[in-house]
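Please read the structure below before turning to the comments.
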Amino acid sequence: MKILITGASRGIGHATALHLASKGHHVLALARSADSLEALAKKTAGKVIPLEQDLSELDEASLSAAIRQMGGLDILINNAGLLINKPFLELSRQDWQASFQVNVFAVVELIRVCLPFLAQSQRAHILNVGSMGGYPGSQKFIGLSAYSASKGALATLTESLAVELKDQQIAVNCLALGAVQTEMLESAFPGYTAPVNSAEMGIFIAQFATTGQQLF
(Lines give C-alpha, C1' and ligand atoms only; values in the text may rest on other atoms or scores of the structure.)
Protein backbone atom coordinates (compact mmCIF):
# COMPACT_ATOMS: atom_id res chain seq x y z
CA MET A 1 0.00 0.00 0.00
CA LYS A 2 1.02 3.63 -0.44
CA ILE A 3 1.09 5.53 2.84
CA LEU A 4 1.86 9.10 3.92
CA ILE A 5 2.86 9.70 7.53
CA THR A 6 3.75 12.97 9.24
CA GLY A 7 6.19 13.41 12.11
CA ALA A 8 8.27 10.55 10.78
CA SER A 9 11.71 11.71 11.89
CA ARG A 10 11.44 10.42 15.46
CA GLY A 11 9.27 8.74 18.06
CA ILE A 12 6.02 7.06 17.09
CA GLY A 13 6.10 8.31 13.50
CA HIS A 14 9.61 6.97 12.91
CA ALA A 15 8.72 3.60 14.43
CA THR A 16 5.50 3.38 12.41
CA ALA A 17 7.27 4.20 9.15
CA LEU A 18 9.94 1.56 9.83
CA HIS A 19 7.35 -1.12 10.53
CA LEU A 20 5.28 -0.24 7.48
CA ALA A 21 8.36 -0.37 5.27
CA SER A 22 9.36 -3.73 6.76
CA LYS A 23 6.00 -5.09 5.63
CA GLY A 24 6.61 -3.97 2.07
CA HIS A 25 4.52 -0.81 2.00
CA HIS A 26 5.68 2.35 0.26
CA VAL A 27 5.91 5.24 2.72
CA LEU A 28 6.08 8.97 2.08
CA ALA A 29 7.65 10.28 5.29
CA LEU A 30 7.15 13.94 6.24
CA ALA A 31 9.06 15.86 8.89
CA ARG A 32 11.12 19.03 9.37
CA SER A 33 14.43 17.20 9.86
CA ALA A 34 15.93 16.30 6.48
CA ASP A 35 18.87 14.44 8.04
CA SER A 36 16.62 12.21 10.15
CA LEU A 37 14.41 11.45 7.16
CA GLU A 38 17.40 10.54 5.01
CA ALA A 39 18.64 8.21 7.75
CA LEU A 40 15.20 6.61 7.87
CA ALA A 41 15.16 6.13 4.11
CA LYS A 42 18.56 4.41 4.18
CA LYS A 43 17.25 1.88 6.70
CA THR A 44 14.36 0.81 4.49
CA ALA A 45 15.90 -0.13 1.14
CA GLY A 46 14.02 2.49 -0.82
CA LYS A 47 10.60 1.85 0.68
CA VAL A 48 10.58 5.27 2.36
CA ILE A 49 10.48 8.50 0.35
CA PRO A 50 11.69 11.39 2.55
CA LEU A 51 9.99 14.77 2.20
CA GLU A 52 11.13 17.68 4.31
CA GLN A 53 8.08 19.76 5.22
CA ASP A 54 7.17 22.28 7.89
CA LEU A 55 3.50 21.70 8.70
CA SER A 56 3.07 25.32 9.67
CA GLU A 57 3.85 26.26 6.06
CA LEU A 58 2.76 23.29 3.97
CA ASP A 59 4.16 23.22 0.43
CA GLU A 60 1.15 21.78 -1.39
CA ALA A 61 2.86 21.56 -4.79
CA SER A 62 5.82 19.49 -3.58
CA LEU A 63 3.53 17.29 -1.48
CA SER A 64 1.26 16.54 -4.43
CA ALA A 65 4.27 15.87 -6.63
CA ALA A 66 5.70 13.42 -4.07
CA ILE A 67 2.38 11.56 -3.86
CA ARG A 68 2.29 11.25 -7.65
CA GLN A 69 5.90 10.04 -7.59
CA MET A 70 4.86 7.34 -5.12
CA GLY A 71 2.08 6.29 -7.49
CA GLY A 72 -0.91 7.47 -5.49
CA LEU A 73 -2.11 7.25 -1.91
CA ASP A 74 -4.09 4.72 0.10
CA ILE A 75 -3.51 5.85 3.68
CA LEU A 76 -2.83 9.17 5.39
CA ILE A 77 -1.51 8.97 8.95
CA ASN A 78 -1.60 12.35 10.69
CA ASN A 79 0.88 11.58 13.44
CA ALA A 80 2.80 14.83 13.94
CA GLY A 81 1.91 16.57 17.20
CA LEU A 82 2.93 19.39 19.49
CA LEU A 83 2.75 19.09 23.27
CA ILE A 84 3.23 22.26 25.33
CA ASN A 85 3.28 21.74 29.11
CA LYS A 86 2.41 25.07 30.77
CA PRO A 87 -0.20 26.16 33.31
CA PHE A 88 -3.14 27.90 31.64
CA LEU A 89 -2.18 31.41 32.77
CA GLU A 90 1.34 30.99 31.38
CA LEU A 91 0.18 29.97 27.93
CA SER A 92 0.64 32.75 25.38
CA ARG A 93 -1.45 33.41 22.29
CA GLN A 94 1.48 32.00 20.31
CA ASP A 95 1.38 28.77 22.36
CA TRP A 96 -2.31 28.31 21.57
CA GLN A 97 -1.80 29.12 17.91
CA ALA A 98 1.13 26.73 17.63
CA SER A 99 -0.81 23.91 19.32
CA PHE A 100 -3.79 24.23 17.01
CA GLN A 101 -1.61 24.83 13.93
CA VAL A 102 0.21 21.50 14.29
CA ASN A 103 -2.51 19.40 15.92
CA VAL A 104 -5.54 20.61 13.94
CA PHE A 105 -4.99 23.09 11.11
CA ALA A 106 -2.10 21.19 9.51
CA VAL A 107 -4.25 18.05 9.58
CA VAL A 108 -7.04 19.92 7.81
CA GLU A 109 -4.66 21.12 5.10
CA LEU A 110 -3.10 17.69 4.60
CA ILE A 111 -6.48 16.01 4.28
CA ARG A 112 -7.63 18.64 1.78
CA VAL A 113 -4.55 18.07 -0.40
CA CYS A 114 -4.71 14.28 -0.11
CA LEU A 115 -8.43 13.73 -0.71
CA PRO A 116 -8.25 13.66 -4.54
CA PHE A 117 -5.61 10.92 -4.32
CA LEU A 118 -7.40 8.96 -1.59
CA ALA A 119 -10.61 9.05 -3.61
CA GLN A 120 -8.89 6.90 -6.24
CA SER A 121 -7.96 4.17 -3.74
CA GLN A 122 -10.04 1.08 -3.04
CA ARG A 123 -8.89 0.98 0.60
CA ALA A 124 -8.63 4.65 1.54
CA HIS A 125 -8.04 5.41 5.19
CA ILE A 126 -7.33 8.61 7.08
CA LEU A 127 -5.92 7.89 10.53
CA ASN A 128 -5.50 10.77 12.96
CA VAL A 129 -3.30 10.17 15.99
CA GLY A 130 -5.09 11.79 18.92
CA SER A 131 -4.84 11.57 22.68
CA MET A 132 -6.87 10.45 25.66
CA GLY A 133 -6.33 14.02 26.83
CA GLY A 134 -8.72 15.14 24.10
CA TYR A 135 -11.39 12.59 24.97
CA PRO A 136 -14.37 14.04 26.91
CA GLY A 137 -14.60 12.70 30.43
CA SER A 138 -11.04 11.39 30.53
CA GLN A 139 -8.57 12.33 33.24
CA LYS A 140 -6.99 15.71 32.57
CA PHE A 141 -3.62 17.03 33.73
CA ILE A 142 -2.33 20.41 34.83
CA GLY A 143 -0.38 22.13 32.06
CA LEU A 144 -2.02 20.38 29.13
CA SER A 145 -5.03 22.60 28.42
CA ALA A 146 -3.80 23.70 24.97
CA TYR A 147 -2.74 20.18 24.02
CA SER A 148 -5.95 18.56 25.24
CA ALA A 149 -8.16 21.20 23.62
CA SER A 150 -6.44 20.77 20.26
CA LYS A 151 -6.65 16.99 20.42
CA GLY A 152 -10.33 17.29 21.35
CA ALA A 153 -10.84 19.35 18.21
CA LEU A 154 -9.02 16.68 16.21
CA ALA A 155 -11.33 13.98 17.56
CA THR A 156 -14.43 15.97 16.61
CA LEU A 157 -13.00 16.70 13.16
CA THR A 158 -12.44 12.96 12.72
CA GLU A 159 -16.05 12.11 13.61
CA SER A 160 -17.34 14.79 11.23
CA LEU A 161 -15.21 13.64 8.31
CA ALA A 162 -16.08 9.98 8.92
CA VAL A 163 -19.69 10.91 8.13
CA GLU A 164 -18.91 13.33 5.31
CA LEU A 165 -16.53 11.01 3.47
CA LYS A 166 -18.45 7.78 3.99
CA ASP A 167 -20.14 7.89 0.58
CA GLN A 168 -16.70 8.19 -1.03
CA GLN A 169 -15.61 4.97 0.72
CA ILE A 170 -12.91 6.83 2.66
CA ALA A 171 -12.65 5.61 6.25
CA VAL A 172 -11.63 8.15 8.89
CA ASN A 173 -10.51 7.15 12.38
CA CYS A 174 -8.78 8.69 15.38
CA LEU A 175 -6.68 6.75 17.88
CA ALA A 176 -6.83 8.34 21.34
CA LEU A 177 -3.45 7.28 22.70
CA GLY A 178 -2.37 7.28 26.30
CA ALA A 179 1.18 8.08 27.39
CA VAL A 180 3.91 6.71 25.12
CA GLN A 181 7.64 6.96 25.88
CA THR A 182 8.87 9.43 23.25
CA GLU A 183 11.23 12.40 23.11
CA MET A 184 8.21 14.69 23.12
CA LEU A 185 6.89 13.13 26.34
CA GLU A 186 10.33 13.23 27.99
CA SER A 187 10.70 16.90 27.10
CA ALA A 188 7.30 17.80 28.54
CA PHE A 189 7.50 15.50 31.59
CA PRO A 190 11.14 14.86 32.57
CA GLY A 191 11.53 11.71 34.64
CA TYR A 192 8.15 10.22 33.76
CA THR A 193 8.16 6.68 32.36
CA ALA A 194 5.26 5.64 30.13
CA PRO A 195 3.99 2.04 30.02
CA VAL A 196 4.45 1.76 26.22
CA ASN A 197 7.44 2.70 24.05
CA SER A 198 7.36 4.20 20.57
CA ALA A 199 8.37 0.97 18.83
CA GLU A 200 5.46 -0.93 20.37
CA MET A 201 3.00 1.83 19.53
CA GLY A 202 4.41 2.11 16.02
CA ILE A 203 3.58 -1.53 15.34
CA PHE A 204 0.04 -1.03 16.63
CA ILE A 205 -0.57 2.11 14.55
CA ALA A 206 0.87 0.49 11.42
CA GLN A 207 -1.42 -2.51 11.81
CA PHE A 208 -4.49 -0.40 12.48
CA ALA A 209 -3.72 1.98 9.61
CA THR A 210 -3.58 -0.88 7.10
CA THR A 211 -6.57 -2.85 8.39
CA GLY A 212 -8.80 -0.45 10.34
CA GLN A 213 -10.65 0.81 7.27
CA GLN A 214 -12.14 -2.67 6.88
CA LEU A 215 -13.79 -2.47 10.29
CA PHE A 216 -15.21 1.07 10.44
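Which of the residues that make up the range 142-175 are open to solvent by 50 Å² or more (accessible area, probe 1.4 Å), modelled with pLDDT of 95 or more and within 23 Å of GLN97 (Cβ to Cβ)?
Correct list: THR156, SER160.
Just to be sure I understand, how many residues within the range 65-124 are among the small types (Gly, Ala, Ser), within 15 Å of the chain's Cα centre (by Cα) and not in a helix (DSSP H, G or I)? Steps first, answer last, please.
Going residue by residue through the range 65-124, those that are among the small types (Gly, Ala, Ser) are 65-66, 71-72, 80-81, 92, 98-99, 106, 119, 121, 124.
Filter once more, so that each one left must be within 15 Å of the chain's Cα centre (by Cα): 80-81, 99, 106.
Of the ones still in play, those that are also not in a helix (DSSP H, G or I) are 80-81.
Here the count works out to 2.
Pairs please, first residue from the range 59-78 and touching a residue at least 40 places away in the same chain (Cβ under 8 Å), second anywhere and part of a helix (DSSP H, G or I) and open to solvent by 50 Å² or more (accessible area, probe 1.4 Å), Cβ atoms under 8 Å, 6+ apart in sequence or on different chains.
Pairs that qualify, where the first residue is touching a residue at least 40 places away in the same chain (Cβ under 8 Å) and the partner is part of a helix (DSSP H, G or I) and open to solvent by 50 Å² or more (accessible area, probe 1.4 Å), are GLU60/GLU109.
State which residue is nearest to the chain's Cα centre (by Cα) when the search covers only the range 24-59 and only residues that are within 24 Å of GLU109 (Cα to Cα) and assigned to a helix (DSSP H, G or I).
Within the range 24-59, the match that is nearest to the chain's Cα centre (by Cα) is LEU55.
Could you grab me the full set of residues in the range 50-79 that are surrounded by 16 or more Cβ atoms within 10 Å (Cβ to Cβ) and in contact with a Lys or Arg (Cβ under 9 Å, 6 or more places away or on another chain)? Steps first, please.
Taking the range 50-79 first, the residues surrounded by 16 or more Cβ atoms within 10 Å (Cβ to Cβ) are 50-53, 55, 58, 63, 66-67, 70, 73-79.
Matches in the range 50-79: GLU52, GLN53, LEU55, ILE67, MET70, LEU73, ASP74, ILE75.
State all residues of the range 125-170 that are in a strand (DSSP E or B) and either farther than 22 Å from SER64 by Cβ or more than 18 Å from the chain's Cα centre (by Cα) (or both); if no residue qualifies, say none.
VAL129, GLY130, SER131
The values are calculated or read from the model by the stated rules, or taken from the named source; none is laboratory data. As the structure is a prediction and not an experimental result, all values here were calculated from the model. FYI the Cβ positions are ideal-geometry reconstructions off the backbone, even for glycines, and counts take in every protein chain you see. The protein model used for the area step is the full one, side chains on, heavy atoms only, and it has no ligands, DNA or RNA in it. Shrake-Rupley method; radii C 1.70, N 1.55, O 1.52, S 1.80 Å.
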